[in-house]
Amino acid sequence: MNTDIFLFYLLLHILGDYYLQSERLAGSKRNKYPAVLLHSLIYALPFFASLAFMHPSSSLVNSLVFLIILHVCIDTAKFLFHRLGKCKESTLYLADQTVHLISLAGVATLLIPAPLAPASWLTGLLNSSNYFPETILTWAVSILILAKPSNITIKHIISRLGKKEETPRNNAGAMIGTLERYIMIILLSLGQFGALALVMAAKSISRYEMLKDKDFAEYYLLGTLLSILIVLVVWLLLFF
């Protein structure tokens, strides 16, 4: 599998499926198929917009169109499972994203599009040839994954505990989690593994009184461990 191409596909998927999808639209997709189609149109925007920054070879265009069609099919299947009402929302979410990742990897492996090359105007600005720096893609994907996608994934997993979600007024927890993951990935990239303990200690001290509540302590511990696990997985998969 071409790593650059997979990271490029993953970047577009994250933008379209997370950052360009509001909570309201995500909720409407559960019981309104027009919302699924609207999301698919919005999802396609970064894919087509990327052609302004990359050399639009026929193989690249075909692969992007194919991924958009796959996305519509996957989301349609998810909508039908929602209608059946036999699967938990968290299960459908995890299955949906797993299938998406497999489809991205499959297209990057089987279709074998031409190597990525920036558009001519961008090549001049970057003062480079036919090479799109993997480092830029790696850090861009990492930064995006460790924010909204991670928060949503953790929320779906811990929802099985029956803990109430944070209210908008107390939504600082999601921002703290995002900053915590950013600090950890930077420390890992610098080889400062011991400093990770300081991050965890600082977070625990700030919630010391709340940790006396057993239910919250379990919720907090699971969320923290999931956050650490996501950072480690991203670091091992994207930086090695």
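The values are calculated or read from the model by the stated rules, or taken from the named source; none is laboratory data. All values reported here derive from a predicted model rather than from experimental measurement. Methodologically, a virtual Cβ is constructed for each residue, glycine included, from the backbone with ideal geometry; neighbour enumeration extends over all protein chains shown. Quick note on the areas: whole protein, heavy atoms, side chains included, nothing else; ligands and nucleic acids left out. Shrake-Rupley method; radii C 1.70, N 1.55, O 1.52, S 1.80 Å.
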Worksheet item: Among the residues of the stretch 184-202, is there at least one that is without any contact (Cβ under 8 Å) to a residue 40 or more places away in the chain, closer than 12 Å to L146 by Cα and open to solvent by 60 Å² or more (accessible area, probe 1.4 Å)?
Response: yes
Fill in: Residue pairs meeting the criteria (Cβ under 7 Å; at least 6 apart or on separate chains; first under 17 Å from N151 (Cβ atoms), in the stretch 82-101; second in a helix (DSSP H, G or I) and among the charged types (D, E, K, R))
S90/R160; D96/K78
Item to complete: With the condition kept exactly as written, say whether any residue in the stretch 21-38 is open to solvent by 40 Å² or more (accessible area, probe 1.4 Å), in contact with a Lys or Arg (Cβ under 8 Å, 6 or more places away or on another chain) and of a type outside the set (A, V, I, L, M).
Response: yes
